[in-house]
1. Which residues, taken from segment 12-38, are modelled with pLDDT under 60 and either part of a strand (DSSP E or B) or under 18 Å from the mean Cα position of the chain (by Cα) (or both)?
2. Keeping to segment 113-155, report how many residues are part of a strand (DSSP E or B) and modelled with pLDDT under 90.
3. Inspect segment 151-167 for any residue being closer than 30 Å to residue 209 by Cβ and under 20 Å from the mean Cα position of the chain (by Cα) and give the result as yes or no.
């Protein structure tokens, strides 16, 4: 499972004996999403050593969920001070959409309460073309350039460095790329590996019919 993003959500799950808990909605991102579920026990029944049990039948294979070994005691008509931690791991390849995560709360007396988390995975691809300002700027040795391509089919992408006179200095990117976020570095050299002089340079992004450009300052 790729992706290292850790996202934490705090949920308030409502339970009552004989009733199904209200559905909760969370927004997921690729990577590890940590969900803290607090229990609001509105029943006359106290429960101890309660834990989250997970059921995987309705989940796509790109989603895996696990609960830690933490257990919780909640008295009758009491809101838990702490919460139970649930980890939802989302692979990068999962399509955006709405997914249902079925869960069960169990206690040591084998009481159980079923509820469902509704998880929404939004598209991580940008909706527009973007060319970021290089960083650092001014720079001496190397600088980073970030850009984003709208979610479309693969198209040839070119990122080129020019000097103030419009002369071609360096081609940083010249290949097919799909929509997404990218980053490339420039080491202040031309296409022949020679250091270029201090001064102002322009970098231009071309993707299909889009042309974006910005300037940067190299100081030797």
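The values are calculated or read from the model by the stated rules, or taken from the named source; none is laboratory data. Not measured: the values here are computed from a predicted model. Neighbour counts are summed over all protein chains in view; Cβ atoms, including those assigned to glycine, are modelled from backbone coordinates with ideal geometry.
1. Matches in segment 12-38: 12, 13, 14, 15, 16, 19, 24.
2. Result for segment 113-155: 13.
3. Step one: filter segment 151-167 for residues closer than 30 Å to residue 209 by Cβ, giving 151-167.
Add one more test, that the residue is under 20 Å from the mean Cα position of the chain (by Cα), and what stays is 151-152.
Yes, because at least one residue in segment 151-167 is closer than 30 Å to residue 209 by Cβ and under 20 Å from the mean Cα position of the chain (by Cα).
Conditions (1) free of Cβ contacts under 8 Å to residues at least 60 places away in the same chain; (2) surrounded by 14 or more Cβ atoms within 10 Å (Cβ to Cβ); (3) not assigned by TED's automatic domain parsing to the domain that holds residue 93, marked per residue:
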{"site": "135", "(1), (2), (3)": "yes, no, yes"}
{"site": "139", "(1), (2), (3)": "no, yes, yes"}
{"site": "149", "(1), (2), (3)": "yes, yes, yes"}
{"site": "190", "(1), (2), (3)": "yes, yes, yes"}
